[in-house]
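First comes the structure, then the notes that go with it.
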Amino acid sequence: MPLRRTVTVANPAGLHMRPATAFAQCARGYRAAVTVWNGTKRADGKSSLDLILLVALPGDVLVVEADGDDAPDALNRLADLLADPGDGF
């Protein structure tokens, strides 16, 4: 059963190219499948292009879902990345 966490995009520029790429690279380091939802839009968390197409703006509330053996670790790290207000990716 997948684990989910709700996270508010804190980066003042939203989920643009740099954080989306860093998020996807981090997600690819886990075996768990990662999905990110922005309302009804869904993205493969391991694809930077999918993440950019979510058009996640500052303050948007996203749902991050991880399913697999290392899902708890993946979910914690990835949620922290989205909640980081800087470009600390």
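How much accessible area per residue does the chain have, counting only protein heavy atoms and a probe of 1.4 Å, in square angstrom? Could the numbers behind the result be given before it?
Details: 4670 Å² over 89 residues.
Value returned for the chain: 52 Å² of accessible area per residue.
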- Asn76 versus Leu57: modelled label distance in nm, points set 7 Å from Cα along the beta carbon direction: 3.4
- Message: For the chain, take the longest principal axis of its alpha carbons; what is the angle in degrees between that and the long axis of helix 71-83, to the nearest 10 within 0 to 90?
- Response: 0
- Taking Cα atoms only, helix 17-28 is inclined relative to the longest principal axis of the chain by an angle, in degrees rounded to 10, of 10
- Rank-order 33-40, 53-60 by packing density, defined as the average count of other C-beta atoms within 10 Å over each peptide's residues, highest first. 33-40, 53-60
- Across the alpha-carbon set of region 1-63, Rg over Rh with Rh taken as the Kirkwood radius works out to 0.93
- Message: Considering only protein heavy atoms and a probe of 1.4 Å, how much of the accessible area of the chain is carbon and sulfur, as a whole percent?
- Response: 54
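The values are calculated or read from the model by the stated rules, or taken from the named source; none is laboratory data. Just so we're clear, the structure is a prediction, and the values are computed from it rather than from any experiment. Virtual Cβ from ideal backbone geometry, glycine too; neighbours counted across all protein chains shown. For the accessible areas, the whole protein counts, side chains as well, though only heavy atoms, and no ligand, DNA or RNA atoms are used. Shrake-Rupley method; radii C 1.70, N 1.55, O 1.52, S 1.80 Å.
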